[in-house]
Amino acid sequence: MKKKFDLNAPYQPKDFKFKGKKKVEEIIARYPKGRQQSAVMPLLDLAQREVGADGLKLNPPVGGWIPRAAMDHIAEVLDMPAMRVYEVASFYSMYNMEPVGKYLLQVCTTTPCWLCRSDDIMKAVKDTTGLSHNYETTKDGYFTLIEVECLGACTNAPMVQINDDFYEDLTYDRMVEILKSLQNDEIPEKGPQNGRLNAMAKGGPTSLEEQAKKAGISAA
Ligand code: FES
């Protein structure tokens, strides 16, 4: 569940404008005439990314989030009531309604991940960053922790989403290594962390073996 947010909080900037018209126009043009309001979600995403790009220059750094001014600007651009934009932004979990850290750690603790020891992953986060509560951010602005529901990568449980990337087949030790790399701004390789290819069994294909052979796919 999303945390309650404050549209009048002191950290809310007064103004927001997209950095350029070109990208905004290109997004709106994807939708039929008269249906430009359908562009609300990609424009929210664009706003979050632009705010995040500026936030990384701050000290401490701030990751991508959506200020009220950005939602109001999107409402103007799409000629729709601001409330409709607030409703969309506050419903979907990928939109951050308040400042977050440079690296947003979304730890999945739903049943398949939990059965594969997501508790260890939470412990690794706590031991390495000190974070233990939802939406808590480290003082250096590097990490924000969110405990999330299934992210659709159960085959590779336990897993964590860090900003846009999935880190899968995690263990306590590997999660600690990943976090330590990020503390040094080294981005670890995303995907499965146990050497397997995507969601394939570690020993190689167990179904469609002929097709896999033809495609040159074998054990990682
Ligand atoms: S339960 Fe964690 S990704 Fe599905």
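The values are calculated or read from the model by the stated rules, or taken from the named source; none is laboratory data. This is a predicted model, so every value here is computed, not measured. Note: ideal-geometry Cβ built from the backbone for every residue, glycine included; neighbour counts use all protein chains shown. To get the accessible areas, we keep the full protein, side chains included, count just its heavy atoms, and leave off ligands, DNA and RNA. Shrake-Rupley method; radii C 1.70, N 1.55, O 1.52, S 1.80 Å.
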Original post:
When the accessible area of the range 21-91 is computed with all protein chains present and a 1.4 Å probe, what percentage of it is carbon and sulfur?
Top reply: 55
Subject >> Gain upon complete extension [Lys214, Arg84; 0.36 nm per residue less C-alpha separation] >> reply: 41.8 nm
Subject >> Translational diffusion of the range 66-192, µm² s⁻¹ [Kirkwood Rh, Cα pairs; Stokes-Einstein; 37 °C; 0.692 mPa s] >> reply: 211
Subject >> Bins of 10 Å, starting at 0 and running to the largest distance - Cα pair percent for the range 114-186 >> reply: 19, 58, 22, 1
Original post:
At each listed q (0.10, 0.13, 0.15 Å⁻¹), what is the log10 of I(q)/I(0) that the Debye formula gives for the chain modelled as equal alpha-carbon point scatterers?
Top reply: -0.55, -0.85, -1.02
**OP:** Give the dimensionless ratio obtained when the Cα radius of gyration of the range 169-220 is divided by 2.2 N^0.38 Å.
**Re:** 1.48
Original post:
Each label point is 7 Å from the Cα along the Cα-to-Cβ direction; what then is the distance between the points at Lys202 and Lys23, in nm?
Top reply: 4.0
Subject >> Antiparallel DSSP beta bridges within the chain, as percent of all bridges there, nearest 5 >> reply: 50
**OP:** Over the chain, give the accessible area per residue in Å² for a 1.4 Å probe, as an integer.
**Re:** 58
Original post:
For Glu136, which sequence-distant residues (separation of 5 or more, or a different chain) have an amide H within less than 5 Å of its own amide H, given hydrogens modelled in the peptide plane?
Top reply: Leu145
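Any idea what the relative contact order of the chain is, in percent, if you count C-alpha pairs under 8 Å spaced at least 6 apart?
15
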**OP:** Give me the distance between the Cα centres of the range 123-165 and the range 66-98, rounded to whole Å.
**Re:** 25
Original post:
Using the Cα atoms as the points, what is the convex hull volume per residue of the range 1-122 in Å³?
Top reply: 137
Original post:
Relative to the present Cα-Cα distance, how much length would full extension add between Asp140 and Lys180 at 0.36 nm per residue of separation?
Top reply: 13.0 nm
**OP:** Run through every distinct alpha carbon pair of the range 21-91 and return the Kirkwood hydrodynamic radius in angstroms, one decimal place.
**Re:** 12.6
Original post:
Counting only the heavy atoms of the protein chains, how much of Thr171 is accessible to a 1.4 Å probe, in Å² to the nearest 10?
Top reply: 80
Original post:
Of the residues Gly203, Gly55, Gly63, which exhibits the maximal mean-square fluctuation in a Gaussian network model of the chain defined by a 10 Å Cα contact cut-off?
Top reply: Gly203
**OP:** Please identify the longest segment of the chain free of exposed GluC sites (Glu not before Pro), where exposed means a DSSP state other than H, G, I, E or B and no more than 10 other Cβ atoms within 10 Å.
**Re:** 1-185
**OP:** Using Cα positions and a limit of under 20 Å, work out the aspartates and glutamates in reach of Lys21, with same-chain residues fewer than 8 apart set aside.
**Re:** Asp45, Glu50, Asp54, Asp72, Glu76, Asp79
**OP:** Quick one: pull the percent of accessible area on the range 103-192 belonging to carbon and sulfur, 1.4 Å probe, ligands and nucleic acids left out.
**Re:** 48
Subject >> Given the chain, longest segment not containing exposed loop trypsin sites (Lys or Arg not before Pro) (DSSP; at most 16 other Cβ within 10 Å) >> reply: 58-116
Original post:
Across the range 160-165, in residue order, what do the Karplus-derived ³J(HN,Hα) couplings come to in whole Hz, using 6.51 cos²θ - 1.76 cosθ + 1.60 with θ = phi - 60° and x for Gly and Pro?
Top reply: 9, 9, 10, 6, 8, 10
Original post:
Near Lys102, which lysines are there with a Cα under 16 Å away, not counting those fewer than 8 places off in the same chain?
Top reply: Lys57, Lys139, Lys180
**OP:** Express in whole angstrom the spacing between the alpha-carbon centres of the range 172-220 and the range 1-46.
**Re:** 35
